[in-house]
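Asker: Here's a structure for you.
The values are calculated or read from the model by the stated rules, or taken from the named source; none is laboratory data. None of the values given here were measured: they were computed from a predicted structure. Here the Cβ positions follow ideal geometry from the backbone for every residue, glycine too, while neighbour counts run over all protein chains shown.
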Amino acid sequence: MTHILHIDASANTTTSISRAASAKLVADLGGTVTYRDLAETPLPQIDGAWADARLTDPDARSAEDAAHLTLSDEIVAEAVAADVIVIGAPIYNFAAPASLKAWMDLIARPRVTFRYTENGPEGLLTGKKAIIAVASGGVPVGSEMDFLSSHLRVFLGFIGITDVEFVAAKDIVPPLAA
Ligand SMILES: Cc1cc2nc3c(=O)[nH]c(=O)nc-3n(C[C@H](O)[C@H](O)[C@H](O)COP(=O)(O)O)c2cc1C
């Protein structure tokens with residue numbers, strides 16, 4: 001059975017179009033679901049201790065280092081377990097919401113989700129598909145001002161997820177009454 005990691009990033013928890021669209025995508029796909037709501041349960045910003053811990057060799061990590069990485073390990077494990085990742089993502093100021101950027105920062109882990117080889121960077125989260133339901137106001141999804149889609153495509157590719165589909169949320173669900 002397909003396992004889906006369903007992520008919502010909109011700060012709007014009541015009338016969000018990206019949330020409605022991601023929910024529809026997940027329902028249509030069917031399967032088991034792990035859900036992460038980045039607005040209801042915001043992820044912390046990374047800090048210096050986190051950045052140092054992720055670069056420390058796993059065998060040399062202190063208990064404190066390991067503790068700094070616990071949430072990041074959880075975020076990575078959720079993606080590793082998924083066959084499909086569905087993200088409801090609004091465009092905020094031409095780019096991803098800070099909540100989604102925090103998820104990206106936590107999932108980018110050297111030797112875990114990507115590594116550098118003599119041929120350049122190699123993503124390690126292979127064999128997965130991602131579908132992104134993008135909501136926006138005036139910026140057309142996929143246009144050159146839509147830095148959310150271009151950034152996510154590059155970022156997900158960097159960690160090994162190259163099968164990425166972007167859909168305009170409004171094409172999937174009608175706008176909800178405000
Ligand atoms: C803080 C903020 C910044 C926004 N910036 C943009 C933007 O740069 N371009 C755009 O087209 N829409 C922008 N919008 C509009 C949202 O993308 C639009 O309302 C979208 O439907 C929000 O997604 P949601 O309905 O899932 O919450 C912004 C909205 C907010 C709240």
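Asker: Considering only segment 109-127, I want to know if a residue exists there that is at pLDDT 95 or above and either within 11 Å of the ligand (Cβ to nearest atom) or over 27 Å from ALA53 (Cα atoms) (or both).
Answerer: Checked against the condition, which is being at pLDDT 95 or above and either within 11 Å of the ligand (Cβ to nearest atom) or over 27 Å from ALA53 (Cα atoms) (or both), segment 109-127 yields at least one hit.
Asker: Sort through ALA53, ALA81, ALA98, ALA66 and tell me the only one that's within 16 Å of the ligand (Cβ to nearest atom) and either buried (at least 16 other Cβ atoms within 10 Å of the Cβ) or of a type in the set (A, V, I, L, M) (or both).
Answerer: From the options ALA53, ALA81, ALA98, ALA66, the qualifying one is ALA98.
Asker: Here is a follow-up. Mind listing whichever residues of segment 1-12 are near the ligand (Cβ under 9 Å from one of its atoms) and either out of contact with any Ser or Thr (no Cβ under 8 Å at 6 or more places or on another chain) or farther than 17 Å from LEU43 by Cβ (or both)?
Answerer: ASN12
Asker: Against the condition more than 14 Å from the ligand (Cβ to nearest atom), under 20 Å from ALA133 (Cβ atoms) and at pLDDT 95 or above, how does TYR92 come out, does it pass?
Answerer: It is false that TYR92 is more than 14 Å from the ligand (Cβ to nearest atom), under 20 Å from ALA133 (Cβ atoms) and at pLDDT 95 or above.
Asker: Can you tell me which residues in segment 24-57 are within 24 Å of VAL134 (Cβ to Cβ), assigned to a loop (DSSP other than H, G, I, E, B) and under 18 Å from the mean Cα position of the chain (by Cα)?
Answerer: Within segment 24-57, LEU38, ALA39, GLU40, THR41, PRO42, LEU43, GLN45 qualify.
Asker: Please go through segment 3-37 and pick out each residue that is surrounded by fewer than 16 Cβ atoms within 10 Å (Cβ to Cβ) and out of contact with any strand residue (DSSP E or B) (no Cβ under 6 Å at 6 or more places or on another chain).
Answerer: Residues satisfying the conditions are ALA11, ASN12, THR13, THR14, THR15, ALA27, ASP28, GLY30.
Asker: Then there's this: Among the residues of segment 22-58, what is the count of those that are free of Cβ contacts under 8 Å to residues at least 24 places away in the same chain and touching a Lys or Arg at 6+ places or on another chain (Cβ under 7 Å)?
Answerer: 1
Asker: Mind checking which residues of segment 104-132 are assigned to a loop (DSSP other than H, G, I, E, B) and either closer than 18 Å to ALA21 by Cα or charged (D, E, K, R) (or both)?
Answerer: Answer for segment 104-132, where residues must be assigned to a loop (DSSP other than H, G, I, E, B) and either closer than 18 Å to ALA21 by Cα or charged (D, E, K, R) (or both): ARG109, ARG111, GLU118, LYS128.
Asker: Being of a type in the set (Gly, Ala, Ser), in a loop (DSSP other than H, G, I, E, B) and within 9 Å of the ligand (Cβ to nearest atom) is the filter here; which residues of segment 133-154 pass it?
Answerer: SER136, GLY137, GLY138 - these are the residues of segment 133-154 that are of a type in the set (Gly, Ala, Ser), in a loop (DSSP other than H, G, I, E, B) and within 9 Å of the ligand (Cβ to nearest atom).
Asker: If you don't mind, another one. Given the residues VAL76, VAL86, which is the only one that is under 23 Å from THR126 (Cβ atoms) and either part of a loop (DSSP other than H, G, I, E, B) or more than 16 Å from the ligand (Cβ to nearest atom) (or both)?
Answerer: Unique residue meeting the criteria: VAL76.
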